[in-house]
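Rule-based calculations on the coordinates, nothing more; no lab input. Computed from a prediction, not measured in an experiment: that's the story for all the values here. Methodologically, a virtual Cβ is constructed for each residue, glycine included, from the backbone with ideal geometry; neighbour enumeration extends over all protein chains shown.
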């Protein structure tokens, strides 16, 4: 059963933070809108994936049994148009970008959901849902297409806070001759010549975008979802339309908690392929360790906009190196004599106790990863104060160092996906990756480091400083520690 810690989530539907109470504890159902598979994923897609990955991890940490569904839209105008431009089939296009997305999310440490359904694999479920809506007279057939009649759903607009009359008055949608109302949306679209199609009682065609999520969530999660997630840009019309068609079909609440993440911006403008201002996940993974990207994406509260800058990425990289550098030396703390905690150890023990409680409290308060990350670095500052004396550690201090390592692996490592790797392996891999990127060999670096150490032993500090400056020009940052010089590639 779930532990006693209460999780609060901001519910877009009620516009307030609420204590999370699933419909059928300990089971939790969570459906998150996935990608339309027509192009490479960008950092905005990664933010949504990482945010809901952390929520998934935290729910499981709290003891819930989570059924997590994230869909793929594998048929859409954009997919069809790209296929036509490239002279390929729509299936090839969708398959390529689904596989790329899966590989990139795996690289980012995003856990696979329980189910990853594709729209085209659920046409029967969508046809059945459309029939139910027609039987309930909230949808209508118009020349081979089926539309949902928004005026038949009195609560339309309850998620976005918009009034139907205002939406109609301000509608910029071109009024189709087939629609009775410009806001009515397609449940089934007739196919154009040369387009892929499926047979239906209303003629050959394909499902509307909104319909697929309702049909798949109904199949995998039941009539009422505990959590429905996605980016803020999905609130209207996508999630609004999902509510209308789902609740009109079942007569039951569609979602208990709507959770929406803020968007990635570039100079204050939404990152989007259509604007040409996006940064692909593939490019970011070629330049940064995956945990750097995760850390950057989690440094702001998930509901806030996050502005992408190179400076922000570099800061995240430096912070992650600081984390693993501290863990690297904690792992080297060995007892050299029997004894209790000294002053620095007692301070660290207190900081560790505070960290555990404050880290979990931050995540329990609407998944505040920004505050949780702050608590990690509060703990690390105490670790760094503890380390100079830890070269001559007592038995209790060595035990404490192990406790800190375990706490970092268990909490930020398992929940945020940051800090779980073996620190020695992380450091060595990052050194090798960065050296390769700037065209330096390890032998060149180690030769300079050895010469600097020799100069220090001979008390030739001017030469030691000059060698350190040489290393800095090469992109190598050196830090002197009780265990000897520690270096990382900062270029």
(message) What translational diffusion coefficient, to the nearest whole µm²/s, does segment 254-363 have by Stokes-Einstein, given a Kirkwood radius computed over alpha-carbon pairs, a temperature of 25 °C and 0.890 mPa s viscosity?
(response) 140 µm²/s
(message) Roughly how far apart, in whole Å, are the Cα centres of segment 90-108 and segment 375-447?
(response) 33 Å
(request) Quick one: pull the percentage of alpha-carbon pairs in segment 1-100 with a separation above 17 Å. (result) 62 percent
(message) Just the number: Rg to Rh for segment 440-489, Cα atoms, Kirkwood Rh, two decimals.
(response) 0.93
(message) Over the Cα atoms of segment 358-491, what radius of gyration and what Dmax do you get, in Å?
(response) 18.3, 57
(message) In 5 Å bins starting at zero, report the fraction of Cα pairs in segment 25-81 per bin as a rounded %.
(response) 5, 16, 23, 19, 15, 11, 7, 4, 1
(request) Work out how far the C-alpha atoms of segment 125-254 reach from end to end along every principal axis, then list the three figures in whole Å, largest first. (result) 38, 37, 28
(request) Specify, per residue and in Å³, the volume enclosed by the convex hull of the alpha carbon atoms belonging to segment 292-438. (result) 102 Å³
(request) State the antiparallel share, in %, of DSSP beta bridges confined to the chain, rounding to the nearest 5. (result) 50 percent
(message) In Å, what Kirkwood hydrodynamic radius results for segment 256-312 from the alpha-carbon pair distances?
(response) 12.4 Å
(message) To check you understand DSSP bridge types, tell me what percent of the beta bridges within segment 8-261 (both residues inside) are antiparallel, rounded to 5.
(response) 45 percent
(message) Given Cα positions, please report Rg to Rh for the chain, the hydrodynamic radius being the Kirkwood one.
(response) 1.06
(request) Can you pull the one-decimal nm distance between simple spin-label points at residue 453 and residue 177, each 7 Å off the Cα toward Cβ? (result) 8.3 nm
(request) Using only the alpha carbon atoms of segment 8-261, find the Kirkwood hydrodynamic radius as the inverse mean reciprocal pair distance, in angstroms to one decimal. (result) 18.9 Å
(message) Just to be sure I follow: if Rg is taken over the C-alpha atoms of segment 222-316 and Rh is the Kirkwood radius over the same atoms, what is Rg/Rh?
(response) 1.09
(request) Starting from the coordinates of the alpha-carbon atoms of segment 79-146, obtain the Kirkwood hydrodynamic radius over all distinct pairs and give the value in Å to one decimal. (result) 15.1 Å
